Structures are given as C-alpha cells and as structure tokens.
1. Taking Glu98 as the residue in question, decide whether it is at pLDDT 95 or above and either under 30 Å from Ala24 (Cβ atoms) or out of contact with any Phe, Trp or Tyr (no Cβ under 9 Å at 6 or more places or on another chain) (or both).
2. For the range 92-103, give me each residue that is buried (at least 16 other Cβ atoms within 10 Å of the Cβ) and in contact (Cβ under 8 Å) with a residue 24 or more places away in the chain.
3. Anything in the range 1-24 that is free of Cβ contacts under 8 Å to residues at least 40 places away in the same chain, open to solvent by less than 70 Å² (accessible area, probe 1.4 Å) and not aliphatic (A, V, I, L, M)? List them, or say none.
4. Scanning for something assigned to a loop (DSSP other than H, G, I, E, B), modelled with pLDDT under 95, within 24 Å of Arg7 (Cα to Cα) and of a type in the set (Gly, Ala, Ser), does the range 33-42 turn up at least one residue?
5. Are there any pairs, at least 6 apart or on different chains, whose C-beta atoms fall under 7 Å, with the first in the range 157-179 and under 14 Å from Leu141 (Cα atoms) and the second open to solvent by 100 Å² or more (accessible area, probe 1.4 Å) and not in a strand (DSSP E or B), and if so, which?
6. Collect the residues in the range 1-32 that are of a type outside the set (Val, Ile, Thr), assigned to a loop (DSSP other than H, G, I, E, B) and closer than 30 Å to Arg79 by Cβ, keeping them in residue-number order.
7. Conditions first: (1) polar (S, T, N, Q); (2) loosely packed, with under 15 Cβ neighbours inside 10 Å; (3) farther than 30 Å from Glu121 by Cα. Ser80 passes all but one, so which condition is the exception?
8. Enumerate the strands (runs of 3 or more DSSP E) found wholly within the range 48-167, keeping only those where 1 or more residues are touching a helix residue (DSSP H, G or I) at 6+ places or on another chain (Cβ under 7 Å) and under 22 Å from Pro35 (Cβ atoms).
Amino acid sequence: VRYGEVRIKGAPGVDWGLVRRRLAWKEGADYSNGPLRDTREALFSLGVFSSVRIRPDEGNVGPDGRTPMLVELKERKRRSVAISAFYDTSLGPGGEVEWLHRNLFGGAERLPVRIGGTFVEYGAKLNFRKPDIFAGPQDLLGEARYNELDTPAYDGREAVIGAAIQRRFGKRFSVKAGP
C-alpha cells in the first residue's frame, strides 16, 4: 500500500496548508508507520491540537495501491490564563499572570502576554511566534518586554524589542538570528 491523497477533518480554525506542510510523507511513497509518528509529533509541537489521529482509509484503496490518508484534528481552546505565585530568596514574594492565545490568525501563531513581579522587580513581556514562514521549517519570532528594578542600591529600567528567524534542522537542533 502507498500513501494517497490527504483528507483533513476537524479544526476548521486552523490553516490546513500548515497541516499539509507538516506531513512527513509524500504521496505515492510506500506506507510506513514512521512518517505517521513524525507527522503526529510535528502537529502536536504547534501547541494548537488536543488530538491528532492519522490513519489510512483502508476501505478506499485504489487500483494503483494508493490509500487516502485521513488526518482527524481536534483544536485546543484558543485562549488560556495562568496565574502563579512564588517566593524568591533575594526578591521576596511575587506573582505572575499570563494570557495565551494559541492560534491568533489561524496559522498556529502563539501570543503569550505576561505581567508580574515582586516588591522589588516587576514588568511585562509579550512574545510572538509564527511557525513555518516562507513555507519551510522557519519560525518568525518577536519579543517586547519592559522591566523595572527598584532596590536600595540602584534603580533599573529595561525595555527590549526584538525579532528573529529561527530555522529548525531536525527535531533537536535549530539556529536563531535577528536584531
């Protein structure tokens, strides 16, 4: 049996082109479980799906041995809020609130916004990640943060804005560059 056309079901809020770019097999290649596992991992790594099921449509094998592949997706909730409290031995008690959007424009863009601090240090941070830009294994990253530190010895203020392109080489290695 060989891989046939791909049929995607579910997750209507996600760009299916992004899903197709994450497929680890080519149509017409011999069937193997390895590419299915790799595709499932690649789709879960986006952080958008709560369920990914990939299987051949065994009832529709064509005369050339090609079997349509069914990719069934269930999207996670798009937004979440996290609240944390902590104690730092040098800064004292503190807390943080994070709001996260997992699929901002339909292409699995992540936008976490964090606000928090202690009695001595406080600030806000915003990150942005757009996966698979330029139809390849590159992500666009953006960051903006502001931090203040008020101690008896000195006062500090920091504002940072940055952007980068991160290129993935396999599962465990990536390179990031940008201003």
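The values are calculated or read from the model by the stated rules, or taken from the named source; none is laboratory data. Quick caveat, the model's predicted, so the values are computed rather than measured. For neighbour counting, all protein chains shown are included, and Cβ atoms are generated from backbone atoms with ideal geometry for every residue, glycine included. Heavy atoms of the whole protein, side chains included, go into the accessibility calculation; ligands, DNA and RNA do not. Shrake-Rupley method; radii C 1.70, N 1.55, O 1.52, S 1.80 Å.
1. Criteria met by Glu98.
2. Listed by number, the residues that qualify are Gly94, Arg102, Asn103.
3. Scanning the range 1-24 gives a single hit, Gly17.
4. no
5. Pairs that qualify, where the first residue is under 14 Å from Leu141 (Cα atoms) and the partner is open to solvent by 100 Å² or more (accessible area, probe 1.4 Å) and not in a strand (DSSP E or B), are Gly162/Pro179; Ala163/Pro179.
6. The answer is Gly10, Ala11, Pro12, Gly13, Asp15, Arg22, Leu23, Ala24.
7. Of the numbered conditions (1) polar (S, T, N, Q); (2) loosely packed, with under 15 Cβ neighbours inside 10 Å; (3) farther than 30 Å from Glu121 by Cα, the odd one out for Ser80 is (3).
8. Fully inside the range 48-167 and qualifying: 49-56, 66-75, 121-133.
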